[in-house]
């Protein structure tokens, strides 16, 4: 093994991964564990103990797969987690007192009604939209609804915060209580002016400061991982979507970065701040008063395909995907409002479904799948077109994530954007971005595969029909979703 190998830890919505990358960002050893997710109505949660056990297991498996002589050379580790997910725990014992409330969880929506008039002030302070996807309303819900959380608060033992904070407390020696700036921002309790927890925001959400971890730089010596024979130091903690732009060493303002996972996230680094309420202003790096990106969100990516399987029993192997555009002449239009419409609408949207529901019942599975995949590409196109009203159109598009493995979906996106894509081939973009930021260098060009585009008049016409339907189904009033 190369002596500069790094341990990369990625906690996603469906699995956790540990990966050893060498000095050229090539994978040496990889281990994964699936996670169980409970979904009912607006509640999306995971078992924190299952998550910790899975993460410890993949760390042990990865390091055990190398020779004992070489494992000592793995001295650095980095951790990325989903940004809006939160946990409450006992700061003395480390025991979780709540489930992991996923970023997709919207159970706290009723508790936001009294803050509606202050939504714009919250956005101005944080750079992010007032939304139940953020951490603050989830923490407030736990304090109201969970007796164990209330009891720990009364006893001065309660810690609450982003999932990354909880994992640090459980994975690192000394049980550190801390959180990085990128995760703190997603809580809606962190201000752009102070680069710290904000008293005004804490008061709005009714939360005490003493339950929150101190905010520290993402790149810090967070501590040594537990139980390892070698001294593996966790030196980077960051929100998962914030990693991808660092594959270029320093995020490139002319590039649009797209991560296709459970949801799809679009990040456009900024040369100077842009105030656009249709998008989020996301912190990428806290250095020098912050490096920022304009961020768009497509809530229904892989989750839309999961919906299609649950509601219509459609689940086709990936080899069948490649010929869908040849096999299906005119697919139906799918109104993809899974988990609500993200940017640029930020509304609950119409009920997800196919236009002409009765007709859709007679469509073959291939047509329904193509419609769902097209809807993901349509949502991305709508975001790019809207971003381009504030910024020049991107000169380059980098795409990654589980769904980017579909050549057909990537070609749909390329044809709709009329732009070549550069797909990350080796491993997921979050892991590669973590490695690049940990090593402070750009990703070698060998990791990219170009995907060209062609003109597609029929696809463009379907997009315009779909967009008109979405626009008619929504209003101009911006709602938290």
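Just so it is clear, none of the values below were taken in a lab; they were calculated from the coordinates. Everything numeric here is computed off the predicted structure, so don't read it as measured data. All Cβ positions, even for glycine, are placed from backbone atoms using ideal geometry, and neighbour counts span all protein chains on display.
Where both partners of a DSSP beta bridge lie in the range 6-241, what percent of those bridges are antiparallel, to the nearest 5?
Percent antiparallel among DSSP bridges in the range 6-241 is about 70.
Show me 43-55, 428-440, 92-104 ranked by packing, highest mean number of other Cβ atoms within 10 Å first.
In descending order of packing, they fall as 428-440, 92-104, 43-55.
List, largest first, the extents of the alpha carbons of the range 171-262 along their principal axes, each in whole Å.
Reported extents, whole Å, longest axis first: 42, 40, 27.
In deg cm²/dmol and to the nearest 500, what is the mean residue ellipticity at 222 nm of the chain if only DSSP H runs of at least 4 residues count, each as -39500 (n - 2.57), divided by the residue total?
Value at 222 nm, helices only, nearest 500: -9500 deg cm²/dmol.
If a/c stays under 1.5 just call it rounded; otherwise compare a/b with b/c (prolate if a/b is bigger, oblate if not). Do that for the range 150-223, with a ≥ b ≥ c from the square roots of the Cα gyration tensor eigenvalues.
Taking the square roots of the gyration eigenvalues as a ≥ b ≥ c, the range 150-223 is oblate.
How much length would be gained if the chain were fully extended between residue 330 and residue 193, taking 0.36 nm per residue of separation minus their Cα-Cα distance, in nm to one decimal?
Using 0.36 nm per residue and subtracting the Cα-Cα distance, I get 44.2 nm.
So how far apart, in nm, are the two label points at residue 203 and residue 310 if each is 7 Å from Cα heading toward Cβ?
With each label placed 7 Å out from Cα toward Cβ, I get 4.1 nm.
Classify the range 235-276 as rounded, prolate or oblate from the Cα gyration tensor: take a ≥ b ≥ c as the square roots of its eigenvalues, call it rounded if a/c is under 1.5, otherwise prolate when a/b beats b/c and oblate if not.
oblate
Roughly what % of DSSP beta bridges within the chain run antiparallel, to the nearest 5?
So the antiparallel bridges amount to about 70 percent of the total.
Quick one: Debye curve from the alpha-carbon atoms of the range 244-473 only, equal weights, vacuum; give me log10 I(q)/I(0) at q = 0.10, 0.11 Å⁻¹ to two decimals.
Log10 I(q)/I(0), no solvent term: -0.45, -0.54.
Neighbour counts of other C-beta atoms within 10 Å: give me 114, 181 arranged from fewest to most.
Ordered from fewest to most neighbouring Cβ atoms within 10 Å, 114, 181 come out as 114, 181.
Quick one: 211, 380, fewest Cβ neighbours within 10 Å first, how do they rank?
Lowest count first: 211, 380.
Tell me whether the range 355-479 comes out rounded, prolate or oblate; compute the Cα gyration tensor, take square roots of the eigenvalues as a ≥ b ≥ c, and use a/c under 1.5 as the rounded threshold.
prolate
Could you pull out which residues in the range 273-317 have an amide N less than 19 Å from a spot 7 Å beyond the Cα of residue 124, following the Cα-Cβ vector?
Only 273-282 pass the distance filter.
Based on the Cβ-Cβ distance from residue 15 to residue 396, what FRET efficiency comes out when R0 is 25 Å, to the nearest 0.05?
0.30
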